[in-house]
1. Go through 130, 85, 79 for me and flag whichever is surrounded by 15 or more Cβ atoms within 10 Å (Cβ to Cβ), in the same structural domain as residue 224 (by TED's automatic domain parsing) and over 18 Å from residue 281 (Cβ atoms).
2. If residue 80 satisfies all but one of (1) modelled with pLDDT of 95 or more; (2) touching a strand residue (DSSP E or B) at 6+ places or on another chain (Cβ under 9 Å); (3) of a type in the set (A, V, I, L, M); (4) part of a loop (DSSP other than H, G, I, E, B), what's the number of the condition it fails?
3. It is to be established whether one or more residues within the stretch 229-249 are in contact (Cβ under 8 Å) with a residue 60 or more places away in the chain, acidic (Asp, Glu) and not assigned by TED's automatic domain parsing to the domain that holds residue 97.
4. Looking at this structure, is residue 235 more than 23 Å from residue 68 (Cα to Cα) and part of a loop (DSSP other than H, G, I, E, B)?
5. Which residues, counting only those in the stretch 263-283, are modelled with pLDDT of 95 or more and out of contact with any Pro (no Cβ under 8 Å at 6 or more places or on another chain)?
6. Output yes when any residue across the stretch 251-264 is aliphatic (A, V, I, L, M), assigned to a strand (DSSP E or B) and within 30 Å of residue 50 (Cα to Cα), and no when none is.
7. Of (1) surrounded by fewer than 16 Cβ atoms within 10 Å (Cβ to Cβ); (2) among the aliphatic types (A, V, I, L, M); (3) in contact with a Pro (Cβ under 6 Å, 6 or more places away or on another chain), residue 112 satisfies all except one. Which?
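The values are calculated or read from the model by the stated rules, or taken from the named source; none is laboratory data. Nothing here was measured: the structure is a model prediction, and the numbers come from that model. Please note: Cβ atoms are built from the backbone with ideal geometry, for glycine as well, and neighbour counts cover all protein chains shown.
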Amino acid sequence: MPQTVADTCIIFNPTARGDRAQARLRQLRELAGGATFLPTKEAGHAAALAEQAARDGCGTVVAAGGDGTINEVVNGLMRVPSDARPRLGVVPVGTANVYARELGLPLFVDAAWRVIAAGHERRVDVGVARAGGGERAGGGERRYFAQLAGAGFDAMAIATLDLKLKKQINWLSYVINGFRTVARGLPRLTITAGDRRCEGCFVFVGNGRFYGGSYRMFPEARLDDGMLEVCVFEGGRVLDVLRYIPRVLTASHPKLADVHYFRARQVRVESPQPAATELDGELWKDCPAEFSVEPGALRVVVT
């Protein structure tokens, strides 16, 4: 059903980097003048704002930002009971906008706002990450992810990323730092899902198909199937990564002999060495970590 603007809260980062992001935010203010705009003040604030908006009875909470902002907003919404949980709207103002692409949303502010105003919705799954022993071992810190989690290579690259370099050359900074990370050596990971057990140097756990933009890391994934897709890469040398990249770009990497691709409802990642994890591109805890899924936990506004 169409959304009432007065019943919409828009969470955004007022210091978003770049002239383009600032121009998009100004445009959104012009389009959605009757909505409540909630600026974030620091890392983690978007989650608190989303939770409070939900508890205040907001009908739709819009994440106006990139995948990091969406991740925080999703975590805030998941803190409230499902029967009081608002719908999530997305206005992509980030760089890769992976989740917006996954949902098939337009990447232009005016078109994205028209989608939110129209109010068509879809129920989607939400990924769950638990640190340490996981749920069966008595808990551990829990955090949600909308699109993807990773351990090893990409998480370690995020952990050591030079923010000044990122600001200068954007996504290319991840590529450069990724190869630096591989050259320093990657930890060995053990991945367990039910009776399946394998090892590798990096693993991706997907709720949706895309990674890093519109690259199909998980070609068979669906946001509403109650399952996670798991992709484990055995090789950890620079030559291995160079061999993997073109296969990921063409979504043919699952056919490689040293790539394990499978589906699971729950997967555990462990390492004898320090190994970082990331959720939707945001650095999280070191392994061990356990990943699962909450089916149909979120209503999202879509085309």
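1. Numbers: 85 fails: in the same structural domain as residue 224 (by TED's automatic domain parsing); 79 fails: in the same structural domain as residue 224 (by TED's automatic domain parsing).
Exactly one residue qualifies, and that residue is 130.
2. With respect to (1) modelled with pLDDT of 95 or more; (2) touching a strand residue (DSSP E or B) at 6+ places or on another chain (Cβ under 9 Å); (3) of a type in the set (A, V, I, L, M); (4) part of a loop (DSSP other than H, G, I, E, B), residue 80 is out only on (2).
3. Quick first cut of the stretch 229-249, residues in contact (Cβ under 8 Å) with a residue 60 or more places away in the chain only: 233, 236, 241.
From what is left, the residues that are acidic (Asp, Glu) are none.
No.
4. Values: more than 23 Å from residue 68 (Cα to Cα): yes; part of a loop (DSSP other than H, G, I, E, B): yes.
Judged against the criteria, residue 235 is a match.
5. 263, 264, 265, 266, 267, 277, 278, 279, 280
6. Taking the stretch 251-264 first, the residues aliphatic (A, V, I, L, M) are 251, 256-257, 259, 264.
With assigned to a strand (DSSP E or B) added as a condition, the list becomes 259, 264.
Those still in the list that are within 30 Å of residue 50 (Cα to Cα) too: 264.
Taking every residue of the stretch 251-264 in turn, at least one turns out to be aliphatic (A, V, I, L, M), assigned to a strand (DSSP E or B) and within 30 Å of residue 50 (Cα to Cα).
7. (1)
Yes or no, residue by residue, for (1) touching a Phe, Trp or Tyr at 6+ places or on another chain (Cβ under 7 Å); (2) of a type in the set (Phe, Trp, Tyr):
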position	(1), (2)
206	yes, no
225	no, no
264	no, no
269	no, no
274	no, no
285	no, no
291	no, yes
